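Please read the structure below before turning to the comments.
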Amino acid sequence: MSLDLSHTKFDEMLRRSAMDFMRGDAPKRVVEELLETDIGMSEGMWKKMADLGWLGILIPDQYGGALNSMTAAGVVLEAMGTGPLPGPYFSSSILGTRIVLEAADESQKEEILPGIVDGRRVLTLAMIEADYTWEPETLSTRALLTEAGFVMDGIKLFVQDAAAATHFIVAAVTEDPATLSEFVSLFIVPAASRGISVKRLPGFLSGRTFEVTFKGVEVPGSALLGNRENGRRALEAAIMKSIPLLCAYKVGGCQSILNMALEYSRGRVQFAKPIGRFQRVQDMIIEIANHADAARWATYEALWKQDVKGFDPESIHLAKVLASEGYWQACTLGHQVFSGLSYSMEHELSFHTRSSRSLYDYFGDPGFHRRKLGKILLN
Amino acid sequence: MDFSLDYTEKQESFAVEVRKWLDENLPDDLIPIRDVCKMSGDQWLKRREFTKKLGRKGWLYPGYPREYGGGGLTPEYTYVLVEELSAREMALPPLYDMGILASPAILAFGTEEQKQRMLPPMFKGDVITWQLFTEPEAGTDAANQQTNALRSSREKDYFIISGHKVFVGSFPSRPEQMYVLTRSDLDAPRHQNLSSFVIPGDLPGIKVLPLDLFTLSTFPAVSGVTGANVEGVKHSVFFDDVKVHESCLIGKEGQGWMVTNATLEVEHGGGRGGVVRKNYMAEKFLEICKTDPVISRRLKNNPELTDSVVEIYIGSQVERLLNMRNADGKGAAYGGPQLALYSKMFGTRFVSHMARVLGPYAYTQDEKYALAEGIFEVGQRCGICLAPGGTPEAYKIGISRALGIGR
Ligand SMILES: Cc1cc2nc3c(=O)[nH]c(=O)nc-3n(C[C@H](O)[C@H](O)[C@H](O)COP(=O)(O)OP(=O)(O)OC[C@H]3O[C@@H](n4cnc5c(N)ncnc54)[C@H](O)[C@@H]3O)c2cc1C
């Protein structure tokens, strides 16, 4: 048996530096301030993340990146999740990067990826629309072929990190003029293009999500990532491969909630006893630990499978179900442990509650992934 | 056995009277409260005016004795009044007023002089009362009071109150009257060292600081007709040597725990006889599932979501049945806290099922995209708010006692 569930020395070093970064550069006070901003990130912090090589963690050397294993990237995201550190890191350096790697042709990669590595370019995906679903078949945003390129019209909804993005990756329907068949195609569009407007969606639990309107937005033919036909496949592959890293972020969140609940239950005294002595409170904390550990090991395995076996949908769906549900429930249980205090907007637990809610559905809620898992199991 | 809530003939003729009165007295420009954390000064004043009108009519505290300004109505008429108000999206009381907790204590433990002095202004809606029990070190353990109310050494008929209360009060941050639990004896054993006071809110030495909370109410408080228990804001209150006359003491010195227990029993779900609450949010949710094009398509394409719709329905039905049972006095000793516990915990389940079905629409307050005027977003925040009025564990302690299996 070659079983060994420890991280490599390198990954452990990475974890230490990521946790040092969180303690030094992103302590509670900073996270709290960032949560209130539309961008969720400061220039200085973004620069530091570039210097640490994190922005290019999935980008091969030939494009200036510092390509690492998924497990290593998971270490960084898990650390960020403990904050939880907001901002476009996941949108740009994980999902955006992955879409470019899956969809773009060589010259586009050379053009786009170095900018992600040094932080000049910030990508985010604009896919979802009012008719909310993570199956891309019902998109209504269209990109019409013109002589100069394409013209885009449509409204994207619940777009993450739109205010931070320098470029949107837009999923839009195109039509082949010869056969009249339709495709979901991907475009890279500068956020400053004429005809784009961005509005943040208000709501304490809605995270940094936006409505992005494309009205007669003209883009050159070179904005089409790869070819017209491959958009859907690339999008689905990129999303699936990014999910384990989103899960790692949630695992960090769960662990952070467990730590704070444990600490509080030892110090908070009611009826002349630390509340941790009450079995009802113990039940809450044990349940948080169960959620955290289930999410953690499913996520680690999904990352590992991607590292050694490539694409493995079963492990990805499993991790997503456990991490989304676990993070949500850990927050609810955490509020039960802390009671009154934790409903303050300044309380760290409330940061996690906001993040667990706004990320619950991201890439499909647990029901969606259960259904996919069911299909695989019964096949 | 009869589960019907139809009015009897006598109730119907009272309902006619209530409707006519509401037509004349309920202002048209009162906006139903959607978000417990938001309350405009203008709307609060309008509610306040309406509260006074109800008070003058005896309908603010309809079940209380007429001699003190209550309505003297039996539960079957109180039921009609609450029904007719909620048909117009108005709750009773129309705004936060913990006189509903203080008045039973005054009635049970106050002197005749106190009843005559304190109750009429409360029942007529002239005075709004804040409940000040919780302290940083006294949450579930409410008996662990650190706020001292000690006899003044110079003027023996005065107490001096010093201490710090948290999570209390409502909008606006200007208390009118306070129902305060204190420690009045530093040496007496636990539970025999406390005293209760009802005091004016503007005494010298009282300082009120608003808190930044993201939710102010529990799920049961916002899933029915909104309005009652709508706080708008909660506070820390500091007492710095506040001089209080002994005529404000409710019950005898050292009897505070007895007075408080009578109150907590009401707060933990007792004393709700006659009122049948409807789960407005569950009804709205089902309606949106059927009528909203995006959500109904989502349900069609994701058959597993039907389970969540049904779970919400089932929970709201159990809640309704327990409510009717209590209203008809069939709840036994544990029925009050059992219903309170059920409703709170149902809130935590409601919000996760709702999130599954509505996706990110469950969290948005956007004018264009919010469903049902944003009430689901409010529900999302309140569904995880279990502390106000006691934690579920506090209810469980009460239920176990009533069942004869707990201390
Ligand atoms: C929005 C809001 C509004 C409020 N409004 C008011 C108000 O108007 N007036 C007022 O006086 N107070 C008010 N409160 C305070 C509320 O009553 C307290 O928060 C509540 O009683 C719990 O106290 P705590 O927060 O100190 O939690 P703690 O008592 O510290 O509880 C922490 C955890 O320990 C558990 N626990 C404690 N003791 C036991 C035990 N013996 N057995 C098992 N488990 C136990 C609790 O259930 C909880 O899970 C409000 C609170 C909030 C959040």
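Considering the dipole of the protein assembly as shown built from charges on the beta carbon (Lys and Arg +1, Asp and Glu -1) around the Cα centre, which of A:A163, B:A370, B:F346 is farthest to its positive end?
Of the listed residues, the answer is B:F346.
For all pairs of alpha-carbon atoms in the stretch B:186-317, what percent lies in each bin of width 5 Å, listed from the first bin to the last filled one?
The distribution over the stretch B:186-317 is 2, 7, 10, 12, 13, 13, 11, 8, 6, 5, 5, 4, 2, 0, given as percents.
Between B:D6 and A:A66, how high is the FRET efficiency from 1/(1 + (r/R0)^6) when r is the Cβ-Cβ distance and R₀ = 60 Å? Nearest 0.05. Mind showing how you got there, number by number?
Working: r = 73 Å, r/R0 = 1.22.
It comes to 0.25.
Once you have the Kirkwood Rh of the protein assembly as shown from its Cα pairs, apply Stokes-Einstein at 10 °C and 1.306 mPa s and quote D in µm²/s.
Diffusion coefficient, whole number: 55 µm²/s.
Near B:K156, which aspartates and glutamates are there with a Cα under 16 Å away, not counting those fewer than 8 places off in the same chain?
Within the straight-line cut-off, B:K156 pairs with B:D185, B:D241, B:E246, B:E253.
Using θ = phi - 60° and the Karplus form 6.51 cos²θ - 1.76 cosθ + 1.60, what ³J(HN,Hα) does each residue of the stretch A:311-321 get, whole Hz, x for Gly and Pro?
Computed from phi, the couplings for the stretch A:311-321 are 5, 9, x, 4, 5, 5, 4, 4, 4, 5, 4 Hz.
Could you check which residue among B:E89, B:E393, B:E155 shows the biggest mean-square fluctuation in a GNM of chain B with a 10 Å Cα cutoff?
B:E155
Anything over 27 Å Cα to Cα? Flag those among A:K309/A:K372; B:K38/B:K284; A:K250/B:K300; B:K53/B:K284; B:K10/B:K46, in the order listed. Can you show the working numbers first?
Working: A:K309/A:K372 20 Å; B:K38/B:K284 21 Å; A:K250/B:K300 30 Å; B:K53/B:K284 30 Å; B:K10/B:K46 32 Å.
Exceeds cut-off: A:K250/B:K300; B:K53/B:K284; B:K10/B:K46.
As an exercise, find the ratio Rg/Rh for the stretch B:9-102 from alpha-carbon atoms, using the Kirkwood inverse-distance average for Rh.
0.96
Just the number, please: Stokes-Einstein D of chain B in µm²/s, Kirkwood Rh from C-alpha pairs, 37 °C, 0.692 mPa s. Spell out each step's value before the answer.
Details: Rh = 22.3 Å.
The diffusion coefficient I find is 147 µm²/s.
Could you calculate, for the stretch B:128-259, the ratio of the Cα radius of gyration to the Kirkwood radius, expressed as Rg to Rh? Write down the numbers at each step before the final one.
Values: Rg = 15.1 Å, Rh = 15.3 Å.
We get a ratio of 0.99 for the stretch B:128-259.
Using 7 Å Cα-to-Cβ label points, what is the B:E304/A:D153 separation (nm, one decimal)?
3.8 nm
Check every DSSP H run in chain B and write down those whose alpha carbon atoms cover 30 angstrom or more along the long axis and whose mean Kyte-Doolittle hydropathy is -1.0 or greater.
Numbers: long enough: B:305-327 (33 Å, 0.12); B:335-358 (33 Å, 0.28).
Span-like helices in chain B: B:305-327, B:335-358.
Let me test this: with uniform point scatterers at the alpha carbons of the stretch B:320-407, what is the Debye-based log₁₀ I(q)/I(0) at q = 0.25 1/Å?
These q points yield log10 I(q)/I(0) values of -1.12.
Assuming 0.36 nm per residue, please report the length gained on full extension of the stretch B:E24 to B:H164 beyond their Cα-Cα distance. Could you put the intermediate results ahead of the total?
Working: separation 140, 0.36 × 140 = 50.40 nm, distance 4.38 nm.
Once the chain is fully extended between B:E24 and B:H164, it gains 46.0 nm.
Report the calculated FRET efficiency for A:E236 and B:K396 (r = Cβ-Cβ distance, R0 = 35 Å), to the nearest 0.05.
Values: r = 47 Å, r/R0 = 1.35.
It comes to 0.15.
Kindly report the accessible area of chain B per residue (heavy atoms of protein chains, probe 1.4 Å, no ligands, DNA or RNA), in Å².
Per-residue value: 42 Å².
How large is ³J(HN,Hα), in whole Hz, for each residue of the stretch A:143-156 in order, when computed from phi with the Karplus curve 6.51 cos²θ - 1.76 cosθ + 1.60 and θ = phi - 60°, using x for Gly and Pro?
Values per residue, Gly and Pro as x: 10, 8, 6, 10, 5, 7, x, 9, 10, 10, 9, x, 10, 9 Hz.
Take the stretch A:9-121, compute every pairwise Cα distance, and split them into 10 Å bins from 0; I just need the percent in each bin.
Per 10 Å bin, starting at zero, the Cα-Cα P(r) for the stretch A:9-121 comes out as 14, 47, 31, 8, 0 percent.
Kindly express, to the nearest 10 degrees and within the range 0 to 90, the angle between helix A:231-267's C-alpha long axis and the longest C-alpha principal axis of chain A.
20 degrees
Amide H to amide H under 5 Å from B:T111: which residues, 5+ apart in sequence or cross-chain, H placed 1.01 Å off N in plane?
Excluding prolines and chain starts, which carry no amide H, the hits are B:G251.
Expressed as a whole percent, how much of the Cα-Cα distance distribution for the stretch B:77-124 exceeds 14 Å? If you can, show how the numbers build up before the last one.
Details: 658 of 1128 pairs.
Counting every Cα pair in the stretch B:77-124, those more than 14 Å apart make up 58 percent.
Under 5 Å between amide H atoms, partner at least 5 residues away or on a different chain: which partners does B:S184 have, H built in plane at 1.01 Å?
Those lying under 5 Å, H to H, from B:S184 are B:A149, B:L194, B:S195.
So if we plug the beta-carbon distance of A:L145 and B:E287 into 1/(1 + (r/R0)^6) with R0 = 51 Å, what FRET efficiency do we get, rounded to 0.05? If you can, show how the numbers build up before the last one.
Working: r = 43 Å, r/R0 = 0.84.
E between A:L145 and B:E287, to the nearest 0.05, is 0.75.
Under a plain spin-label model, where a point goes 7 Å from the Cα along Cα-to-Cβ, how far apart in nm are A:D307 and B:T74?
Output for this residue pair reads 7.6 nm.
Residue-wise, which Karplus ³J(HN,Hα) couplings in Hz belong to the stretch A:71-81, taking 6.51 cos²θ - 1.76 cosθ + 1.60, θ = phi - 60°, and x for glycine or proline?
Going residue by residue, I get 4, 5, 4, x, 4, 5, 5, 4, 5, 4, x Hz, with x marking Gly and Pro.
Just to confirm the number: angle between the C-alpha axis of helix A:9-25 and the first principal axis of chain A, 0 to 90 degrees, nearest 10?
Between the helix axis and the principal axis of chain A, the angle is about 80 degrees.
Rank A:Y264, A:Y362 by accessible area, highest first, at a 1.4 Å probe radius?
Numbers: A:Y264 45, A:Y362 20 Å².
Per-residue accessible area, sorted high to low, gives A:Y264, A:Y362.
Using only the alpha carbons of the stretch A:290-354, determine the length spanned along each of the three principal axes and report them from longest to shortest in whole angstroms.
For the stretch A:290-354, the Cα extents along the three principal axes come out at 47, 19, 13 Å.
Return the Cα extents of the stretch A:233-378 along principal axes one, two and three, sorted largest first, each rounded to a whole Å.
59, 26, 26
Taking both sides together, what accessible area is buried at the B/A interface, probe 1.4 Å, expressed in Å² and rounded to the nearest 100? Before the final figure, lay out the partial values.
Working: alone 19070 and 17140 Å², together 32430 Å².
For chain B against chain A, roughly 3800 Å² becomes buried.
Select from B:L216, B:L358, B:L54 the residue whose mean-square fluctuation is largest in a Gaussian network model of chain B (Cα-Cα springs shorter than 10 Å).
Among B:L216, B:L358, B:L54, the largest GNM mean-square fluctuation belongs to B:L358.
So, taking all protein chains as they sit and a 1.4 Å probe, how much accessible area belongs to B:C37, in Å² rounded to tens?
So the heavy atoms of B:C37 present about 40 Å² to solvent.
Starting from the Kirkwood Rh over alpha-carbon pairs, what translational D in µm² s⁻¹ does chain A have by Stokes-Einstein at 20 °C and 1.002 mPa s? Walk me through the numbers on the way to the answer.
On the way: Rh = 21.4 Å.
For these conditions, the coefficient is 100 µm²/s.
What is the projected area of the convex hull of the Cα atoms of the stretch A:190-277, averaged over all directions, in nm²?
Numbers: hull surface 39.4 nm².
Value for the stretch A:190-277: 9.8 nm².
Compute the length gained on full extension between A:S107 and A:T179: take 0.36 nm times their separation in residues and subtract their Cα-Cα distance, giving the result in nm to one decimal. Before the final figure, lay out the partial values.
Numbers: separation 72, 0.36 × 72 = 25.92 nm, distance 2.79 nm.
This chain segment gains 23.1 nm when fully extended.
Which longest uninterrupted range of chain A lacks any trypsin sites (Lys or Arg not before Pro) assigned by DSSP to a loop state (not H, G, I, E or B) and surrounded by at most 13 other Cβ atoms within 10 Å?
Numbers: sites that count: A:R120, A:R194.
It runs A:195-379.
Would you mind calculating the gained length between B:R151 and B:E246 on full extension (0.36 nm times residue separation, minus the Cα-Cα distance), in nm to one decimal?
My answer for the length gained is 33.3 nm.
Mind pulling the angle between the C-alpha long axis of helix A:279-309 and the longest principal axis of chain A? Nearest 10 degrees, somewhere in 0 to 90.
40 degrees
Amide H of A:D131: which non-local residues (sequence gap of 5 or more, or other chain) have their own amide H closer than 5 Å, using H built in the peptide plane?
Here the answer is none, since no amide H 5 or more places off falls under 5 Å of that of A:D131.
Of A:G64, A:G56, A:G74, which has the largest mean-square fluctuation in a 10 Å C-alpha GNM of chain A?
Largest GNM mean-square fluctuation: A:G64.
The values are calculated or read from the model by the stated rules, or taken from the named source; none is laboratory data. Keep in mind the model is a prediction, meaning the values are calculated, not measured. Note that we place each Cβ from the backbone using ideal geometry, even for glycine, and neighbour counts take in every protein chain shown. With ligands, DNA and RNA removed, areas are computed over all heavy atoms of the protein, side chains included. Shrake-Rupley method; radii C 1.70, N 1.55, O 1.52, S 1.80 Å.
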